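Structure first, commentary second.
No lab work stands behind these numbers, since they all come straight from the coordinates. Everything numeric here is computed off the predicted structure, so don't read it as measured data. Glycine also receives a Cβ, built like all others from the backbone with ideal geometry; neighbour counts cover every protein chain displayed.
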Amino acid sequence: MQNVNRRRFLHTTTVAGATILGQSAAAADDPVRIAIIGMGGRGNQLMREFVKIPFVQVGALVDPDGNRTEEAAAWVRQNTGQRPTVSADMRSAFDDPSIQAVLVSTTNHWHALTAIWAMQAGKDVYLEKPVSYNIFEGQKVLEASRKYNRIVQGGTQRRSGGRWRRAVQLMHEGVIGDIYLSRWVFPGNRDSIGYKPVEQPPNWLNWDLWVGPAQMEPYHGNLVHYNWHWFWNFGNGELGNNGPHLADIARWAMQKELPVRVRSWGGRWGYTDQAETPNTQNVEWEYDDGRLMQAELRGLYTAEPMSWDFFGTKGHLHLFADGRCAVKLGRNKQLEPEPEPLPDEDHYRNFADAVRSRDRSKLNAEVRETVISTALCHLGNIAYRLGEELRFDPKSERFLGNDAANAMLTRKYRAPYVVPEMV
């Protein structure tokens, strides 16, 4: 597949010229023509956000579910007058020299390969979380972004929110002192998915393309379209689903990257169903200076909302789900006055503007940050699946003295949908 990718890459750059890879800042009125890969709930949300940007045009819609692409294309025609092409195979969009940027909102197991193929074809990428299915894939996404000099934004949109940026700014300025512990909670409130029988894939679905890099297995209705999250062949459980958003805020505030130890425990409790991943999971990441990040994911019922807590040598900061924060300092019983938030920024416009300026430093969630936050979730899942505390070397990004854990840094890929060693 690498030869095919190389041929596509050379073809695209020949057609589009040096303006794709060696692109300089575009004129203010130049359009940015996009392809959206994956037209599920998130893909449709992205579509509706990006069409609000005056200089963005929707050029292609891709999904192995033909019903989804037809419905989305009809919406684009009705609301913008644009007439995007539709396809089950993303490679048609990569071969189109008029496409400048790709929005990736596929299933988790397709995220990295989609992004890499797009970058090899000279496209910039907006990449939804988790930006990889495993740690190896995150490394390759980052390598490709640097090799091909692409603009790549992670889908961790809270980094553009004014309240979030203000709370993190306060912590970086030392409002609660030296942060030694963070804790975040995600309540999923997930019901049983029951059992679905193995059957033939429906005629509106290209099953081979849907399975893609994963190992082939029979179709059943609990995979398409959402519950694939709870099967290890395709998803990463709740920790990989919503965890990257929460881990990203905690890591951003603590100014930390990869840990040296990770522990995780939990289970799938309250019902027996077809799913494989835990519905309740705790994770603890330990850094080389002894500081800790802790996570609680609850799939069963709880009154506690999504939140973050940061504990420092001068006080405690609580972050609510909407980004508001409450600060209590020292032995004070009263909360400090709520800080004035910074202005909100449009996360999607931030990406589109960076595409035109060719300046990745302007991105609010440059892909390296999202790769690291996603890696924390992968580490937690590996520790959970092996049922033991793991030691990790952040420099080599390998586990110490644990072959079973290192084997889970990547996966066996199904040709021709292979994430390459050499991007």
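One decimal place: the segment Phe320-Arg146 gains 59.1 nm when fully extended, by the rule 0.36 nm per residue minus the C-alpha distance. Remark: segment 292-423 carries a charge dipole of roughly 320 debye about the Cα centre, counting +1 on each Lys and Arg Cβ and -1 on each Asp and Glu Cβ.
Rounded to the nearest 10 degrees, the angle from helix 367-386 to the longest Cα principal axis of the chain is 70 degrees. In summary, the lysines within cross-link reach of Lys328, defined as a Cα separation below 18 angstrom excluding same-chain residues under 8 places away, comprise Lys314. Assuming charge only on the beta carbon of Lys and Arg (+1) and of Asp and Glu (-1), the dipole of the chain about its Cα centre is about 540 debye to the nearest 20. What angle do you read, to the nearest 10 degrees and between 0 and 90, between the alpha-carbon axis of helix 347-357 and the longest principal axis of the chain? Its long axis makes an angle of about 50 degrees.
Computed from Cα positions, the angle between helix 135-147 and the longest principal axis of the chain comes to roughly 60 degrees.
Legend: calculated FRET efficiency, Val198 to Asp30, from the Cβ-Cβ distance at R0 = 45 Å, rounded to 0.05, equals 0.35.
Once the Cβ-Cβ distance of Glu340 and Leu292 is raised to the sixth power relative to R0 = 25 Å, the FRET efficiency obtained is 0.25. Estimated from the Cβ-Cβ distance and a Förster radius of 45 angstrom, the FRET efficiency linking Arg77 and Asn332 is about 0.15. Annotation: the residues Glu173, Glu137, Glu49, sorted from fewest to most other C-beta atoms within 10 Å of their own C-beta, follow the order Glu173, Glu49, Glu137. Taking the centroid of alpha carbons for each part, segment 100-127 and segment 328-387 are 20 Å apart. Here the residues His229, His316, His111, His378, ranked from fewest to most Cβ neighbours within 10 Å of their Cβ, fall in the order His316, His229, His378, His111.
So which of Lys140/Lys196; Lys140/Lys395; Lys256/Lys362 end up more than 23 Å apart, counting from Cα to Cα? Beyond 23 Å: Lys140/Lys196. Shape class for segment 357-423, computed from the alpha carbon gyration tensor (a ≥ b ≥ c): oblate, with a/c not under 1.5 and a/b at or below b/c. Arranged from fewest to most other beta-carbon atoms within 10 Å of their beta carbon, Lys140, Lys395, Lys123 become Lys395, Lys140, Lys123.
Rounded to the nearest whole Hz, the Karplus-based 3J(HN,Hα) values (6.51 cos²θ - 1.76 cosθ + 1.60, θ = phi - 60°) of segment 261-268 follow the sequence 9, 8, 9, 8, 8, x, x, 10, with x at glycine and proline. Please list, in chain and number order, the residues 5+ apart from Leu400 or on another chain whose amide H is under 5 Å from its amide H, with Hs placed from the backbone. Amide H neighbours of Leu400: Arg391, Phe392, Asp393. When DSSP beta bridges are restricted to pairs lying wholly in the chain, around 60% turn out antiparallel. Rounded to the nearest 500, the helix-only mean residue ellipticity at 222 nm of the chain stands at -9500 deg cm²/dmol, with each DSSP H run of n ≥ 4 adding -39,500 (n - 2.57).
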